[in-house]
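One structure is given below, encoded as structure tokens.
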Amino acid sequence: CVVVGVDSRRNRDGWEVFQYTGDTRTIRSTGRAMLDWIAEAQDRGAGEIVLNCMDQDGVGEGYDIGQLAAARARLSIPLVASGGAGSAEHFAEVFARADVSGALAAGAFHAGRLTIPGVKDALAAAGV
């Protein structure tokens with residue numbers, strides 16, 4: 001399937017989409033509401049959305065459950081959570097509370113704070 005990656009951050013009206021997020025010198029808002037953009041991407045034929053919640057990204061305090069649950073409510077296609085994993089329990093929480101199809105982590109795996117078997121064990125223990 002075609003996967004659309006979306007970087008979003010909270011604003012006073014909900015969440016907005018950003019682009020060029022890999023460099024602080026080039027990052028900018030698209031002016032688009034995240035919920036509207038993911039619905040449009042789905043309508044255009046996207047088969048999956050990876051939603052990177054920028055406010056949580058790299059923090060290790062858990063996924064943005066509110067944002068992900070709101071996105072899940074707008075989509076019928078798979079949704080992958082990104083941004084915030086710091087423990088194996090965060091994975092179990094996002095599956096249970098935001099009903100995502102998948103959850104990813106980067107820094108926590110790269111730094112060795114999490115292992116894939118450890119996350120899988122925690123998910124199994126939580127019944128996920």
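Read the figures in this text as sums done on the coordinates, not as results from a lab. No experiment lies behind these values; they were computed from the predicted model shown. All Cβ positions, even for glycine, are placed from backbone atoms using ideal geometry, and neighbour counts span all protein chains on display.
What to note about this one:
- Within the range 84-107, the residues that satisfy the criterion of being surrounded by fewer than 21 Cβ atoms within 10 Å (Cβ to Cβ) and either in contact with a Cys (Cβ under 8 Å, 6 or more places away or on another chain) or of a type in the set (G, A, S) (or both) are G86, S87, A92, A96, S101, G102, A106, G107.
- Just one of (1) touching a Phe, Trp or Tyr at 6+ places or on another chain (Cβ under 7 Å); (2) surrounded by 15 or more Cβ atoms within 10 Å (Cβ to Cβ); (3) of a type outside the set (V, I, T); (4) without any contact (Cβ under 8 Å) to a residue 24 or more places away in the chain fails for C53. It is (4).
- Residue match in the range 23-37 (condition: buried (at least 18 other Cβ atoms within 10 Å of the Cβ), in contact with a strand residue (DSSP E or B) (Cβ under 8 Å, 6 or more places away or on another chain), of a type outside the set (A, V, I, L, M) and without any contact (Cβ under 8 Å) to a residue 40 or more places away in the chain): yes
- A81 being without any contact (Cβ under 8 Å) to a residue 40 or more places away in the chain and surrounded by 15 or more Cβ atoms within 10 Å (Cβ to Cβ): yes
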